[in-house]
Amino acid sequence: GWKAGSDGTLDKSGLKAHFAIYYNASDTTRQALALAAADMIRPLGIQVDVLGRSWDEIKQHMHSDVVLFGAGSPDPFETYNLYVGTDVEGGWWFNTGLYDNPVVKAHFAKGLAAKTLAEALPEWKAAAWDGKTGYGMKGDAAWAWLVNIDHVYFVSKCLDVGPRQVEPHGHGFPITYNLEDWRWTCN
């Protein structure tokens with residue numbers, strides 16, 4: 001079994017409970033999240049090294065070490081890429097944990113093949129958890145989701161942007177998802 005050493009870190013037959021969290025060194029938000037995660041894990045007896053590196057350096061570690069990513073999009077295809085995607089052109093960050101669950105893949109495939117949102121949505125949900133397996137917290141928990149970050153936008157009091165959704169960390173411009181609903185309210 002695991003026993004606490006003199007420094008409080010768990011040890012089992014000479015193997016220390018220890019891992020690294022990599023984050024993009026130019027992103028102070030990711031740095032803060034990595035440091036906070038390490039602080040929360042340390043009392044469990046696990047040593048965590050927090051390492052800020054360039055994406056080129058991180059790329060060398062992303063299939064074997066913990067990497068703090070930012071992701072999120074209302075488009076379910078991003079979720080597909082995180083759990084099923086492969087290292088295709090420009091997509092070296094997809095499925096970095098090399099997650100492979102045939103049942104989850106089948107749900108994603110059915111969701112992608114669906115002709116309507118009403119047909120697709122149950123499959124996307126079942127990919128997360130179908131009562132027996134899934135990529136989500138009740139299933140394989142293939143990614144550790146830390147936070148949803150609130151985004152701040154400065155807009156005019158005259159601009160009504162309509163109802164808001166949970167703002168994802170997409171690399172597009174997600175605030176414009178409902179641009180057709182925006183209204184100017186001042187004369």
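Coordinate-derived values only; no laboratory data. In this text, all values refer to a predicted model and were calculated from it rather than measured experimentally. Backbone-built Cβ (ideal geometry, glycine too); neighbour counts: all protein chains shown.
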It is to be established whether one or more residues within segment 57-72 are more than 30 Å from Lys105 (Cβ to Cβ), surrounded by fewer than 17 Cβ atoms within 10 Å (Cβ to Cβ) and without any contact (Cβ under 8 Å) to a residue 40 or more places away in the chain. yes
Which listed residue, of Ala32, Ala37, is touching a Leu at 6+ places or on another chain (Cβ under 8 Å) and farther than 25 Å from Phe108 by Cβ: Ala37
Can you tell me which residues in segment 1-22 are in contact with a Ser or Thr (Cβ under 9 Å, 6 or more places away or on another chain) and either among the small types (Gly, Ala, Ser) or under 21 Å from Trp145 (Cα atoms) (or both)? Ala17, His18
Check segment 89-97 and report whether any residue there is assigned to a helix (DSSP H, G or I) and either touching a residue at least 40 places away in the same chain (Cβ under 8 Å) or surrounded by 13 or more Cβ atoms within 10 Å (Cβ to Cβ) (or both). no
Name every residue in segment 69-87 that is in a loop (DSSP other than H, G, I, E, B) and either of a type in the set (Gly, Ala, Ser) or farther than 22 Å from Asn178 by Cα (or both), in order of residue number. Phe69, Gly70, Ala71, Gly72, Ser73, Val84, Gly85, Thr86, Asp87
Pro122 under 30 Å from Trp2 (Cα atoms), in a helix (DSSP H, G or I) and not charged (D, E, K, R): no
